[in-house]
1. Below 8 Å, C-alpha to C-alpha, sequence gap of six or more: please give me the relative contact order for region A:1-157 in percent.
2. What does the extension gain come out to for residue A:465 and residue A:835, with contour length at 0.36 nm per residue minus their alpha carbon separation?
3. Of the listed peptides A:684-696, A:72-84, what is their order by residue-averaged count of other C-beta atoms within 10 Å, with the highest listed first?
4. For a 18 Å ceiling on Cα separation, which of these pairs sit above it: A:32/A:693; A:26/A:690; A:70/A:692; A:784/A:868; A:26/A:140?
5. Dividing the alpha-carbon radius of gyration of region A:378-483 by 2.2 N^0.38 Å (N being the number of residues), what value is obtained?
6. Taking 7 Å along the Cα-to-C-beta vector as the label spot, tell me the residue A:379-residue A:694 distance in nanometres, rounded to one decimal.
7. Starting with the highest mean, order A:349-358, A:445-454 by the number of other Cβ atoms within 10 Å, averaged over the residues of each peptide.
8. Ignoring solvent entirely, what values of log10 I(q)/I(0) come out of the Debye formula for region A:650-764 at 0.10, 0.19, 0.21 Å⁻¹ when each Cα is a single scatterer?
Amino acid sequence: MLETRYNPKVTEAKWYADWQKKEYFKGIPDSKKKMFSLVIPPPNVTGSLHMGHALNNTLQDILARWHRMKGFSVCWMPGTDHAGIATQNVVERMLSLENKSREELGRENFVKEIWKWKEKSGGTIINQLHRLGASCDWDKERFTMDEGLSIAVREAFVRLYEDDLIYRGDYLVNWCPRCGTAVSDLEVEFEEQQGSLWDIFYPFENEESGLIVSTTRPETMLGDTALAVHPQDERYKKFIGRKLQLPLVGREIPLIADDFVDPEFGSGVVKITPAHDPNDYEAGKRNELPQINILTEDGKINENGGKYQGLDRFEAREKIISDLKNLSFLKQVKDHEHNVGICYRCETIIEPFLSKQWFIRTKPLAEEAIRSVENGKIRIIPKQWENTYFEWMHNIKDWCISRQIWWGHQIPAWYNVETGEVIVSREDITDQNYRRETDVLDTWFSSALWPFSTFGWPKKTPDLDYFYPTSTLVTGFDIIFFWVARMIMAGLKFMDDVPFKDVYIHALVRDEDGQKMSKTRGNVIDPIEIIEESGADSLRFTLTAMAAQGRDVRLSEERIAGYRNFCNKIWNAARFILLNVEKEVETIPESSSLTLADRWILSRANSVTREVEKSLDEYRFNDFASTLYQFIWHEFCDWYIEAVKPNIINDEIDSKSKDILVLVLSQILRLLHPVMPFITEEIWDKLPIKGKKSSIMVSEWPKYDPEFENPDSEEDFSIIIDIVSTIRNLRGELNISPGQEIPCLIKVSNQEHESLILREEETIKRLSKIGSEWSIGTDIQPPKLISSAVIRNMQIFIPLEGLIDIDSETNRLKKQLAETEKTVLALKKKLSNKEFTQKAPKEVIEKNEEKLKDEQNRHEKLSTNLNKLTKTG
RNA sequence: GGGCGGGUAGCUCAGUUGGGAGAGCGGUGCCCUUACAAGGCAUAGGUCGGAGGUUCGAGCCCUCUCCCGCCCACCA
């Protein structure tokens, strides 16, 4: 027996523990079975579950549970990511509360602090995934900095280095002065900001005249080593090669010509600061200009900035502007909107900065990665994201992988203190003459190896052999470049095979303003709170139902409440069934012993099974959810249960409806289990079916069976539904209280309808509350004062003299008549169009002809009834 | 500057080879009918952003256009 009310909290904890105890989540290589594997997009180890995770992991869990039920050997690999900069920032912030800094602690102690923090809070998100119901193989859980994965990272680095795919050198990189590290191009976000454009006067040497230059970053002038104009610019051609004097600094710089200058912009003269601007860097190289770095690692002006040394870059900007103004070098200031690069971790403004960094040569790796998507070895779903992928891969730039932070995989390179010789090695170099590289690797370097490092690579393990390549990757579009593309490159490079066959890209969960939810923005809605309030199944179902391909999920509390009600509905339906069925169901009853309703629901359940399978196959998660929602609520509960109630409650001996109820419920539960694992298991546990599996998790996934398809029953039952709905409608129009019984006459136009109605008489009468006064036939003579409706070539009459208001009844019929007339005219017009009858497919024409006949028939009957009514009046 | 996605009922959104406009929530009316008031029954509400085109037929295909969002890009 089920409790009166579903209690998600108790149920969820109970079954999750049970599943784990029974080791259902375990992924075990089994050559006799088909394989299905997933690797989790590893969440940040210090993070907590947000809605994005909830969506991402719900979808993965659906796929995992679905395949398990289909008999696959399933492995869903879980784990967490060390998230270098992000985690280091978190711990640094914590330390600063105690007035400590990482510099004080020193590298070794600081890293120890992070490990301590990881041990303490690293389990949070994993526990939260348990709450969600994620069926990961937790025994296999990995962490990107654990021993095995560190070996994998080192192996990968060494091999790339040996293959000349890694190099080190001085380059202009994106520098975050707050984090004190270089970041990759991807880690810079651009933000439209309102800034200023300053026009500065650069005088020719020993002359009054000079040139006007526009800049958004005046402080960089300290590092100017030239001015440039377009070689064809008539205004300036004559000055090319002349020297100018750099204001405030006094340095002598040349005017050069370079194609990249846009003569239309500003004055057409541009200052060249090779050490602090990517364009200028390139221009500087082309023209062999000196590079003058004017910044320190923490964003202050360095010794090259003369009297501005020591000032923060923005203080220096203010000071330089005021100095320029005082010395009349500043000619004009204009408002100017422009894109400013900010650090995606701490939102500090990024500076282009000259430094020695490690890079991966990505072009050679990208080629095969592009091919593997082009030739279909990897499918990206929805397909539109392929374009995004190709676009980025075709224009891929070398990847700066070194980070000047402490938390991460330290680069396995050693420098000879004397000679500077570089050794990259799998083993630590202990020779005192060598000093290890202090930089660590970009976090995404280890993430790129995730689909195989987690299975034991570089060792050859049975898991790696069996579960790689993984079946499907489920992830958000925000990390296609960061992660998906790099996994593909790494998989092809190290495993010689793609890391996954399907990539399902889901939408982002946004807040009510359509904003991306993220920790740094602080707009995260806590899924755990929702789980506490409404249960994990409600949350999971909501996210699934809203996960339409290519569209963001805007989560609303209302929506979740709606699907919580759905849980409740399922619970109550199951409660009703279990309350009334005591005997165990053994087999599917013979079709001949079934009622119309029985045959109808079996046929419908069968179709739904097919639809569900198709939806999941195509990653149409929202279709999967709403198909089940509609079927369960509006067919199974609203019609089937209601139709068979008397058989159940009165315990009709001959009725097989109890069996059908249980069997269809069992089918519903199994179809629903991937998305609602807990409530389905709780009900399954109580289901009286002989020989059922002890857990729904290991029960058989329903299969579509053409045997059960029964279009005749579907048609017949839909007639019953129409009749009942029509009578209910008339009752409503007449304001008859739902409890009151009414008389009813049905005039049919054929024998089939008559016998169908007679067979289903009890059901129709009960569901529409018709009393003893009731008759059916082809020659019904209705009394004058009636309320009537026409449907499917039948006329339904409610003879209730006292209740009928002639005016309103007349109006109602007139309205219907007008609608019918309109439809008839439209259909006639369509069918008399020769082009239509010649060119449209036969089925379409027939359908329209039939419709016309129906509508004409309806029209005729409506007008007859109307006439009678008005005559009476 | 390039690319992508979206504009469908009051709100949030489905709508898969072009052929009857849908759901959830909300609204309205009637009902505590023995699974469920987190419920039942009924009902109102849309020129599918705009214009043009292809077609016998367009929410769906093509062109143009107006809004909104996102991604990429070195515009000083």
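No lab work stands behind these numbers, since they all come straight from the coordinates. Everything numeric here is computed off the predicted structure, so don't read it as measured data. Ideal geometry is used to build each Cβ from the backbone, glycine not excepted, and the neighbour counts take in all protein chains shown.
1. Numbers: 164 pairs, mean separation 52.9, N = 157.
The value is 34 percent.
2. Between residue A:465 and residue A:835, full extension yields 127.0 nm more.
3. Values: A:684-696: 15.5, A:72-84: 24.3.
Order by mean packing, descending: A:72-84, A:684-696.
4. A:32/A:693; A:26/A:690, as the Cα separations exceed 18 Å there.
5. Details: Rg = 18.3 Å, N = 106, 2.2 N^0.38 = 12.9 Å.
Compared with the compact-globule rule of thumb, region A:378-483 sits at 1.41.
6. Label at residue A:379, label at residue A:694, 3.7 nm between them.
7. Numbers: A:349-358: 20.1, A:445-454: 26.8.
In decreasing order of mean packing, A:349-358, A:445-454 become A:445-454, A:349-358.
8. Cα-only, vacuum Debye calculation for region A:650-764: -0.52, -1.05, -1.13.
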